[in-house]
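Heads up, the thing below is written out as structure tokens.
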Amino acid sequence: MTAPPPDPLLEVTGLDVFYGDFQALFGVWMSVAGGRATALVGANGAGKTTLLRTIAGAQPPAAGSVRYRGRDLTGVPPHRRISAGIALVPEGRRLFGSLTVEENIQVGAAAAASADWPLMRIYDVFPMLARRRGQRASTLSGGEQQAVAIARALAAAPTLLLLDEISLGLAPRVVGELYQTLTALRAEGATLLIVEQDLRRAMAECDDLVCLLEGRVALASPVPAVRREQVVAAYFGEGARPRSGGAPT
């Protein structure tokens, strides 16, 4: 007898999101199971960042709900979502350049869900940051800055880690190192929702995949159950021509 699927850690139901008069998300439904990595893919402007920001509480929805561990968080402010166990690594890192590596990481601990990620544990995961703990963030390489951004989120001791374009602009070797770190985090029980432009990497590294097309869910599937051609068709829309987002790699 097949066991029933586990209850989702995160449920997004019927989300409509606007920026002024512009609607960015249209009735978005998705769920993320605990302990799994979900890739969120789609062309530029598909609504990926908006969806992460809405889950994190930075962007209020006009309709729909965000439930986490069965609790409705729709009206809950961002700092309380952090203390509930949700942390966002934003696109562009958004570090405090004048602060040191360690000071940036400590910012993430201000509303921590628990004390499960003290500095020494973070430095075990990112040994290069331990060597640069007193260095200003503005002087780091792009890969090192991305590591600080992830470490800052870990300091909040999240159960659900939202990662927005962590590989953007980085060398393939650095991206590979970052994904090795994410694999280690999953082994410790973390749940990941990752915005990723590299479709090959998304399908290689993640358990599940959600594709957005013009603010709507075009495809949601476990990765082993979907072919790359199906994802590409959903990415562009069936019969559509590639748009400004470029072809998925």
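Bear in mind these aren't lab numbers, they're just calculated from the coordinates by the rules spelled out. These numbers were taken from a predicted model, which means no experiment stands behind them. We place every Cβ from the backbone using ideal geometry, glycine too, and count neighbours over all the protein chains shown.
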Worksheet item: Who wins for biggest fluctuation among Gly143, Gly176, Gly47 in a Gaussian network model of the chain, springs between alpha carbons below 10 Å?
Response: Gly176
Worksheet entry | ³J(HN,Hα) computed for each position of the range 70-77 - Karplus, 6.51 cos²θ - 1.76 cosθ + 1.60, integer Hz, glycine/proline x | x, 9, 6, 9, 3, x, 7, x
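Out of the range 195-236, which GluC sites (Glu not before Pro) are coil in DSSP terms and have no more than 15 other C-beta atoms within 10 Å? Present the calculation step by step, with values, prior to reporting the outcome.
Values: sites: Glu196, Glu205, Glu214, Glu229; in loops: Glu196, Glu214.
When the GluC sites (Glu not before Pro) of the range 195-236 are filtered for loop state and at most 15 Cβ neighbours within 10 Å, nothing remains.
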Worksheet item: Cα centroid distance between the range 181-243 and the range 50-126, in Å?
Response: 22
Fill in: Computed lengthening from Arg173 to Ser83, 0.36 nm per intervening residue step minus Cα-Cα distance
29.1 nm
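Taking K and R as +1 and D and E as -1, what net charge do the other residues with C-beta under 13 Å from the C-beta of Arg69 add up to?
Numbers: positive: Arg67, Arg71, Arg81; negative: Asp7, Glu11, Asp72.
Taking every other residue near Arg69 into account, the sum is 0.
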Worksheet item: What residues have an amide H closer than 5 Å to that of Phe18, excluding those fewer than 5 places away on the same chain, when H is modeled at 1.01 Å from N in the peptide plane?
Response: Ala24, Ala62
Discussion item. Can you list residues from other chains, or at least 5 along the same chain, whose modelled amide H is less than 5 Å from the amide H of Arg133?
Written reply: none
Practice prompt. Among DSSP beta bridges lying fully in the range 8-236, give the percent that are antiparallel, nearest 5.
Written response: 55
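Tell me, what is the percent relative contact order of the chain, built from C-alpha pairs under 8 Å that lie six or more residues apart? Could you put the intermediate results ahead of the total?
Working: 482 pairs, mean separation 64.8, N = 249.
After rounding, I find 26 percent.
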Worksheet item: So, counting K/R as plus one and D/E as minus one, what does the shell of residues with Cβ under 11 Å around Ala111 add up to?
Response: +2
Practice prompt. Could you run the Karplus curve 6.51 cos²θ - 1.76 cosθ + 1.60 with θ = phi - 60° over the range 21-33 and give me ³J(HN,Hα) per residue in whole Hz, x for Gly and Pro?
Written response: 8, 8, 8, 9, 10, 10, x, 6, 10, 6, 9, 10, 7
Worksheet item: So what is the 222 nm mean residue ellipticity for the chain from helices alone, if each DSSP H run of at least 4 adds -39500 (n - 2.57) and you divide by all residues, rounding to the nearest 500 deg cm²/dmol?
Response: -9000 deg cm²/dmol
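Taking the number of other C-beta atoms within 10 Å as the exposure measure, put Val217, Val223 in order starting with the fewest. Each step should come with its number before you reach the end.
Numbers: Val217 22, Val223 18.
Lowest to highest Cβ neighbour count: Val223, Val217.
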Response to the item:
Ranked from fewest to most other Cβ atoms within 10 Å of their own Cβ, Cys206, Cys211 fall in the order Cys206, Cys211
Worksheet entry | Interchain or long-range residues, amide H under 5 Å from Leu213's placed H | Ala218
Worksheet entry | Principal axis dimensions, the chain - Cα atoms, whole angstrom, descending | 53, 50, 38
Worksheet item: Once the other residues with Cβ under 14 Å from the Cβ of Gln59 are scored (Lys, Arg +1; Asp, Glu -1), what is the net sum?
Response: 0
Discussion item. I'd like the Karplus ³J(HN,Hα) series for the range 121-135: coefficients 6.51, -1.76, 1.60, θ = phi - 60°, whole numbers in Hz, and an x wherever there's a Gly or Pro.
Written reply: 5, 5, 5, 5, 6, 10, x, 5, 6, 4, 6, 10, 4, x, 8
